[in-house]
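A short write-up of the structure that comes next.
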């Protein structure tokens, strides 16, 4: 069951990401990214982080990406044209990314034993709830980061206002 | 049937690398910004997988913070993008090149 | 006072002042001068600085379930950041006068950014580091694009933003892998668990990714590509701020992570830092040679200085921290000073750009030229300036640690650096060709700016002739962070 | 059924449930349209549909056939794939959220709860999440039509939906705090004690939250007085200006399906779900069939009254202006919702 | 009256709006936002017929706009020149099709001036009565469509409920619901049927309660108030300079009503108030028209109460068609009938104007006669045309939704604009 979930949604995520890379219109790229995020939400859920899965859908797909789509629509951004810069980027980008991928997956796979496997029986069949656990940690051990986030959001609001406001 | 954690990690690595590649290859500023989001998502998957492995909720909470930060960054980043579109009427990074020698 | 409040006192003061400034901004009528808000921000910064000084008397404070640790190390950086922000605020008090209509937001963002940087330096929980890093980064992204009518400013902002976020992703990936390898995101727990980790390669990878992430933030080569463009386009006082304060915070974080989090991996990360340091010095200095734009030249120079600073990291354990702290302070004083002069000369429109534009400044404005010249000499590393002792400590630490070749590369680079600094200096004192002779006519050095110049010049001079005071503070802070003392339990078990 | 494994039984029953609920929802959508037209007609001194079948009861069928047989126009300069995808997203998102709604009392057959397609422990968040995905249908339809009115409509809709989602989500926090769970069954159970008086709306002190929810939900579903995205007097038909035939029908159905979802959520969260308003005053029915059907009756009754309220509001009030809508959402609903959370949590903390 | 200021610029045309947009797109001003040109109409639900507006909008804010008219052009003015004088009357019905009898009155007054006809008092009172009923009719359609534009659907149907009663009255008196042609040169076309006055009285007595009903739906509704208040402002000077008349002008603080200031058809014998406001926004226009409806009801009741006895047409056998009875019994009448129908009646050469306070504002008819039986020129000046010119002043810098509200508050009829 979990393997099936992983294979289906993992492949979906990879397909979405590759489509994201290949599409040339920002809207299409954004939609592929949404597919990736939704499949990741399912994977989170399959890893026992169901609250996180919901947050992923609500925050990422439902708010952040909507903003992206909104801006693409607002600016009416068209397809990207190929310039000489993009060709140079291909020479740097593809090998670089491949190198990162090879390095990372080599480390992950060689250490595969140490990581072990998922144990999901109680998560999928049961309706256990990790929200209480999350709030315990979030509002006690990590209270300060939580509170400081408000400064972060304040900065972001202030910045969005500063930058997007029209100059009189 | 269980899945080795390393599969999740490799999946995250795939997504991260695709994110890096598109960050370098894409020419549209909005798409470049989206590739950063893809990278952050990959990192989030890594966090969740490790949180599951260690039975530590901290990993999940880290993801929450990443989401919050991503949302804040999106607000600011898109505001910058709108500002740049107002002054330059383009979103292609190769044409945003006033700053050179 | 509860330890929680005490530990966060400077940050709390800064945040409250920032909120006050932010709220006051829209209340003030549109045409009115925003100077009072700037003064309020300056007072807040001063108060935060004093609060940090006050914390020094309490030894090491752990607060908020051990997410932050206030010790002499963090106080050192708090004071440094407060001083940088103070000078920046002073020099930009008149910068926006009559140009941008919402200068209050500039002051508020600077204060919030400072909050983030201070939090970075005192947190021992990577989550907290991350949040602080983001606060400081996001506010500097916005500050870089504050003159948004100028196309170059928004361009600088977007480049800074995109590459900064890119680096953040790497930094985060590093944290994720560290978490995977050790099961924690607390720096002390990481260092404890590293000994028993089943996945040492993962830890090493995480360290590499973290160094990449921070390398971007401190603009060390080869992660420096954004620096010249961003510095050239951003407003001069903001460049003064972001070339020093966030970098200082990022260096502090790197120190904490490397020295208290991963001390057992020292040989491996030291060689990585070795390469980055050598590359940064070389790339920065060679790049600076080719520049005509002064801000761009100083951008390359800041890359080079990041390289010098990283040299100190290779001197593990104690020498390195002290010399790194000292160098950060010296670099901050002279660089902020240089940018303050540039702010005064260029004004809001920044129409004095290239080295040629500066020619003849000494004739029209002898004092300004002299001060700028002094900062340039310090950047070269001439004796009796802060730059000299900074370089001296760094290179001697590297020699002590046995990195002879690195010291040699550094010294060679200092030689190269002379050329471009002296080129600007020569330009200052040369006769001006008779074109556009009114270029310097609009310059008025206001009282706050003069104060800022005095502070930076005095600091640079003081660090050059009487370094002991700062050095002892740096050594105290080193003692707080060195692998032995940061975590006494670990120490005991070894 | 003994030769089937548990999993197979679960699968068969689940598919059966999904099919039945889907058919019922779609029928309900069709008849909500009729209900609206009839009710609106009566409120406006006219008859409403009365020609097709007795009392116009076959009108939805006629409408469906008409829409189905109409020519499906495709604008030339549209983004074809997205133009087709948009109504599909809109309708499927509208229908999926019904999946987590428990519409009856717990009634198990072969270990499977019959009156609830899936009982997820974060059911409420699932509904919120799916609602937030529904924006894409609107956003993409406006953009892909390559029509200025459609684009304006979808920009309006997008910003409106994201803005009001905040107030909507926050208005529900009080209820969640009281129930201590995000599971819809738990939330319903927390109101089951004394009928009417333990509903969140009345006994739970969440009446402010209810009204915030009401207004935010009207805005979320783009209904009057928040129907700016399709304000025909300003934007012709807003985001679905270019749509015709079945694709238009899908948007139309999505709107009404969303109304039903919103009504279901209101019923579950504020009106005690499928429980009886009379609490224990009514004798417990002895027959198991009645015991199973009675809660469904209550549930449907509550949803029905909520829908009538929807229609009544539409007949009564004019439309907001865009800036007024935004300031209403951000400057009024949001602070009030936050205050409500603070008050609720204070009360809970002091009591607990 | 204040000195009339010249408008500082002529209102832009479509070309100007398009050029503006072009300039904003590729202009030297880098900060200017991207604007969008949209076409509202001629097939748009809220442009009251076939008005076409070209709007340049920045987001939702109107940067510049221009109305484009002519989609309902029927050439009525030219057609009039080919008709006998009495045949022009049905044509005037179709100008402002919401108040045909007012059009008839204005035309009749102008021609009567040329002919120097004495109109019997009863005819004059009937004209007043039906003119005011027409005002009610027009205002009801205005209220309904205005409310519908702003999203209050129900009001529309309520208004049409009362309008239906009015249309029945018109049908009873003229045989037609809309194109009544009731008011003719020299009087009115026929005696009102028995019992009609009672019906009208019953309607009028009931009507104020209906106005209360509309107000209960709208007046206290915060959304309605917010949508209307401080929207579509125009200064008193601009309003005068642009030639705005009617309720829109009175809402701008100019106390000007032809019924009182230049009475015609014995309006001077009636007691009524002229509501005036100085707010000059859509809300003021709404309040003012509601007041006007109440005043109209009073005028109608006075007309019913004091309706004099007597003839309903002037005593001018060469101009007025004889009634059927006379025609069948008297040779002379038959000859007159034959001559009027086949060759019309000659009108002394000269020119005349008439001014009438219609529901939308001042309505002028200008008739030139060359001494033949067909007019040399008939020109209609309707308030709608001039009022529409004020649209740009009222909407510039406002939101798109305000344009809709302002159009509703101007109460235009495209038939009266595209003659």
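Every read-out reported here was derived from the displayed coordinates using simple, explicitly stated rules and does not represent laboratory data. Computed from a prediction, not measured in an experiment: that's the story for all the values here. Ideal geometry is used to build each Cβ from the backbone, glycine not excepted, and the neighbour counts take in all protein chains shown.
For segment C:168-318, just list the percent of Cα-Cα distances falling in each 5 Å bin from zero outward, please.
Bin by bin from 0 Å, the calculated values are 2, 10, 19, 21, 17, 12, 9, 6, 3, 1, 0.
Once you have the alpha carbon radius of gyration of segment C:250-344, what is it after dividing by 2.2 N^0.38 Å, with N set to its residue count?
Details: Rg = 14.6 Å, N = 95, 2.2 N^0.38 = 12.4 Å.
Ratio of Cα Rg to 2.2 N^0.38 Å: 1.18.
Against the empirical 2.2 N^0.38 Å scaling, what ratio does the C-alpha Rg of segment D:214-284 come to? Intermediate results must be reported in sequence, preceding the final value.
On the way: Rg = 17.2 Å, N = 71, 2.2 N^0.38 = 11.1 Å.
The value comes to 1.54.
Show me the three semi-axes of the equivalent ellipsoid for segment A:129-168, from the C-alpha gyration tensor (sqrt of 5 times each eigenvalue), largest first, rounded to whole Å.
Numbers: eigenvalues 230, 22, 3 Å².
Working through the eigenvalues yields semi-axes of 34, 10, 4 Å.
What does the helix-only formula give at 222 nm for the protein assembly as shown: each DSSP H stretch with n ≥ 4 adding -39500 (n - 2.57), the total divided by the residues, and the result rounded to the nearest 500 deg cm²/dmol?
Working: 65 runs with 996 residues, N = 1534.
When only DSSP H runs of four or more count, the value is -21500 deg cm²/dmol.
Using Cβ contacts closer than 10 Å as the measure, can you line up D:221, E:61 from fewest to most?
Numbers: D:221 25, E:61 16.
Going from least to most buried by this count: E:61, D:221.
Tell me, what is the Rg over Rh of segment B:5-88, with Rh the Kirkwood radius over Cα pairs?
Values: Rg = 15.0 Å, Rh = 13.8 Å.
In segment B:5-88, Rg relative to Rh is 1.08.
Restricting to Cα pairs below 8 Å that are 6+ residues apart, what does the relative contact order work out to for segment D:184-309? Please round to a whole percent.
Values: 118 pairs, mean separation 40.9, N = 126.
Taking the mean separation of contacting Cα pairs over the length of segment D:184-309, I get 32 percent.
Do you know the relative contact order of segment B:5-88, to the nearest whole percent, from alpha carbon pairs under 8 angstrom that are 6+ apart? Intermediate values should be presented prior to the final figure.
Details: 62 pairs, mean separation 23.6, N = 84.
For segment B:5-88, the relative contact order is 28 percent.
Would you order C:212, C:465, D:84 from fewest to most other beta-carbon atoms within 10 Å of each residue's own beta-carbon?
Numbers: C:212 20, C:465 12, D:84 15.
Exposure proxy ranking, most exposed first: C:465, D:84, C:212.
On the first, second and third principal axes, largest extent first, how far apart are the outermost C-alpha atoms of segment E:42-125 in Å?
60, 30, 20
Given a cut-off of 20 Å, what percent of all Cα-Cα pairs of segment C:90-194 lie beyond it? Walk me through the numbers before you get to the answer.
Working: 2757 of 5460 pairs.
Percentage above 20 Å: 50.
Beyond 18 Å, what share of the Cα-Cα pairs of segment E:339-419 remains, rounded to the nearest whole percent?
Working: 1856 of 3240 pairs.
Everything past 18 Å amounts to 57 percent.
Mind checking Rg over Rh on segment D:179-261, alpha carbons, Kirkwood formula for Rh? The partial results should precede the final answer.
Details: Rg = 17.7 Å, Rh = 15.3 Å.
Reported Rg/Rh, Kirkwood definition of Rh: 1.16.
What percent does the relative contact order of chain A come to when contacts are Cα pairs within less than 8 Å and at least six residues apart?
Details: 92 pairs, mean separation 32.3, N = 168.
Worked out over chain A, it gives 19 percent.
Any chance you could check the Cα centroid distance between segment D:126-150 and segment A:13-83 for me, in angstrom?
Value for the Cα centre distance between the two parts: 14 Å.
For the protein assembly as shown, build the convex hull from the C-alpha positions and give me its volume per residue in Å³. Present the calculation step by step, with values, prior to reporting the outcome.
On the way: hull volume 331.8 nm³, N = 1534.
Considering the Cα atoms of the protein assembly as shown, their hull volume per residue is 216 Å³.
Whole Å is fine, so just give me how far the alpha carbon centre of segment E:283-328 lies from that of segment E:175-223.
Answer, in whole Å: 12.
Taking 2.2 N^0.38 Å as the expected size of a compact globular protein, what ratio does the Cα radius of gyration of chain E give against it, to two decimals?
Details: Rg = 22.7 Å, N = 419, 2.2 N^0.38 = 21.8 Å.
Cα-based Rg divided by the globular estimate yields 1.04.
Just need log10 I(q)/I(0) for chain D at q = 0.11, 0.12 Å⁻¹, Debye formula, equal scatterers on the alpha-carbon atoms, no solvent, rounded to two decimals.
-0.79, -0.94
Specify whether the C-alpha gyration tensor of segment E:148-257 places it in the rounded, prolate or oblate class, a ≥ b ≥ c being the square roots of the eigenvalues: rounded for a/c under 1.5, otherwise prolate if a/b is larger than b/c and oblate if not. Could the numbers behind the result be given before it?
Numbers: a/c = 2.67, a/b = 1.43, b/c = 1.87.
Here segment E:148-257 falls in the oblate category.
Based on the Kirkwood radius over alpha-carbon pairs, what value in µm²/s does the Stokes-Einstein equation return for the translational diffusion coefficient of segment C:318-405 at 20 °C and 1.002 mPa s?
Numbers: Rh = 14.5 Å.
Rounded to a whole number, D works out at 148 µm²/s.
With just the Cα atoms of segment D:23-94, tell me how far they stretch along each of the three principal axes, in Å, largest first.
Projected onto its principal axes, the Cα set of segment D:23-94 covers 43, 25, 22 Å.
Jot down the radius of gyration and Dmax of chain C, Cα atoms only, both in angstrom.
For chain C, the Cα radius of gyration and maximum Cα-Cα distance read 21.4, 73 Å.
How big is the Cα convex hull of chain A in projection, averaged over all directions, in nm²? Please list the in-between numbers first.
Working: hull surface 56.9 nm².
Approximately 14.2 nm², given one-decimal rounding.
State whether segment D:303-347 is rounded, prolate or oblate according to the following rule on the C-alpha gyration tensor (a ≥ b ≥ c being the square roots of its eigenvalues): a/c under 1.5 gives rounded; otherwise a/b larger than b/c gives prolate, and the remaining case gives oblate. Intermediate results must be reported in sequence, preceding the final value.
Numbers: a/c = 4.72, a/b = 1.34, b/c = 3.52.
Oblate.
Neighbour counts of other C-beta atoms within 10 Å: give me B:55, E:336 arranged from fewest to most. Working shown, then result.
Numbers: B:55 10, E:336 21.
Result, fewest neighbours first: B:55, E:336.
What area, in nm² and to one decimal, does the C-alpha convex hull of segment D:59-164 cast on average over all directions?
On the way: hull surface 39.7 nm².
It is 9.9 nm².
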